[in-house]
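The values are calculated or read from the model by the stated rules, or taken from the named source; none is laboratory data. Everything numeric in this text was worked out from a predicted model, so none of it was measured. Because the Cβ atoms are built from the backbone with ideal geometry, glycine has one as well, and the counts that use them run over all protein chains shown. Side chains are part of the model used for accessible areas, which takes the heavy atoms of the whole protein and leaves out ligands, DNA and RNA. Shrake-Rupley method; radii C 1.70, N 1.55, O 1.52, S 1.80 Å.
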Amino acid sequence: MPTSRNLPQKLRQQILVPGALCHWCGATATECDHLIEHDRGGDDSTSNLVPACKPCNAKRGALYKARKQAHTMQQRNTAIQNKKPDFLTEKTD
């Protein structure tokens with residue numbers, strides 16, 4: 001997930017109730033995780049937040065970052081491939 005935004009303490013307490021288990025692996029939850037990232041339209045509502053353990057949250061964040069970077073590189077490469085060098089375009093004078 002993207003860098004964690006500071007969630008209000010009350011909201012954090014709603015998600016991390018005593019004995020909360022990680023949504024992903026079932027271990028003891030210590031953090032809140034977003035199901036849908038902020039930059040993909042997610043918000044800080046309780047319906048978009050789940051309890052998570054630190055390893056799962058970190059793993060999901062790293063995976064999200066890698067996928068986002070790969071997508072950016074793919075877009076860049078496509079743009080480069082579609083651009084014709086100036087010396088290949090005909091000039092009509």
Please verify whether Lys10 is farther than 25 Å from His71 by Cβ and open to solvent by 90 Å² or more (accessible area, probe 1.4 Å), treating the condition exactly as stated.
yes
Taking interchain pairs and intrachain pairs at least six residues apart, which have beta carbon atoms under 7 angstrom, with the first residue in segment 22-37 and at negative phi and open to solvent by less than 20 Å² (accessible area, probe 1.4 Å) and the second among the small types (Gly, Ala, Ser) and outside any strand (DSSP E or B)?
Cys22/Ala29; Ala29/Ala20; His34/Gly42
Of the residues Lys84, Lys59, only one is open to solvent by 70 Å² or more (accessible area, probe 1.4 Å), at pLDDT 95 or above and farther than 18 Å from Asn6 by Cα; which?
Lys59
Anything in segment 38-70 that is touching a residue at least 40 places away in the same chain (Cβ under 8 Å) and hydrophobic (A, V, I, L, M, F, W, C)? List them, or say none.
Leu49
Those residues that are in a strand (DSSP E or B) and over 15 Å from the mean Cα position of the chain (by Cα), I need them from segment 1-51; list them, please.
Leu21, Thr28, Glu31, Pro51
Kindly indicate whether Lys68 is at negative phi, open to solvent by 40 Å² or more (accessible area, probe 1.4 Å) and at pLDDT 95 or above.
no
